[in-house]
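Novice: I have a structure I would like to understand better, so I am pasting it below and will then ask my questions one at a time.
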Amino acid sequence: MIPPVYTCTHLGSRRFKSRYDFAPTDIRFHMPRMSDENFPENLELVDKFRTAAERYGVSVGQLTLAWIIAEHPDFVPIPGSRTIARLEENAKAGEIVLAPEDVKALRVAVDAADVKGERYPEAMKKMVALDSIPLSEYKGK
């Protein structure tokens, strides 16, 4: 399982400590993973990525992108970027070389994580393509 990158990159800044840090008009306020009960538990995985990011002196978003690239060199992550500064920060993730033991430790953390809550609210699922094959079935072709 690839970590909920959305969660890691958005929550890694420590600006968000509860769902009430989002405006009621912010879509994240309504996401099941951001509910009162799920939010604190999902931060546990983010904290593990934050600890590794601090060791490398990079943002949680950069660390997450670097980890995905390290595990899957044939992947092209496409993070959202609202500003040029964020785009440049995300692009620099490709320059980060993670130690093999960190790549493995993050994989262990992700595999052990019990991400709480659905990614989308029930009403939104009908509007989102959820027909991707499981990663375990991907043959790299």
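The values are calculated or read from the model by the stated rules, or taken from the named source; none is laboratory data. Treat the numbers as computed from the prediction; the structure is a model and nothing was measured. Reconstructed Cβ throughout: ideal geometry from the backbone, glycine too, with neighbour counts over all protein chains shown. We work out accessible area using only protein heavy atoms, side chains counted, and drop any ligands, DNA or RNA first. Shrake-Rupley method; radii C 1.70, N 1.55, O 1.52, S 1.80 Å.
Novice: Output yes when any residue across the range 82-97 is modelled with pLDDT under 90 and within 26 Å of R15 (Cα to Cα), and no when none is.
Specialist: Checked against the condition, which is being modelled with pLDDT under 90 and within 26 Å of R15 (Cα to Cα), the range 82-97 yields at least one hit.
Novice: What pairs come up if the first residue lies in the range 46-59 and is within 15 Å of E95 (Cα to Cα), the second is open to solvent by 30 Å² or more (accessible area, probe 1.4 Å), and their beta carbons are under 9 Å apart, counting only those six or more places apart or on different chains?
Specialist: A53/S59; Y56/I96; V58/E89; V58/K92; V58/I96; S59/T9; S59/S13; S59/E89
Novice: Out of the range 1-39, which residues are touching a Ser or Thr at 6+ places or on another chain (Cβ under 8 Å) and at pLDDT 65 or above?
Specialist: Within the range 1-39, R19, R33, D36, F39 qualify.
Novice: State which residue is nearest to the chain's Cα centre (by Cα) when the search covers only the range 36-80 and only residues that are buried (at least 16 other Cβ atoms within 10 Å of the Cβ) and among the polar types (S, T, N, Q).
Specialist: T64
Novice: Quickly run through the range 93-118 and pick out the residues that are over 15 Å from the mean Cα position of the chain (by Cα), surrounded by 14 or more Cβ atoms within 10 Å (Cβ to Cβ) and among the charged types (D, E, K, R).
Specialist: D102
Novice: Name every residue in the range 18-35 that is of a type in the set (A, V, I, L, M, F, W, C), open to solvent by less than 50 Å² (accessible area, probe 1.4 Å), more than 28 Å from V103 (Cβ to Cβ) and not in a loop (DSSP other than H, G, I, E, B), in order of residue number.
Specialist: Within the range 18-35, F29 is the sole residue that qualifies.
Novice: Tally time: how many residues in the range 87-131 are assigned to a helix (DSSP H, G or I) and charged (D, E, K, R)?
Specialist: Here the count works out to 11.
Novice: So K125 fits all but one of (1) surrounded by 10 or more Cβ atoms within 10 Å (Cβ to Cβ); (2) at pLDDT 90 or above; what number is the exception?
Specialist: Going through (1) surrounded by 10 or more Cβ atoms within 10 Å (Cβ to Cβ); (2) at pLDDT 90 or above one by one, K125 breaks only (2).
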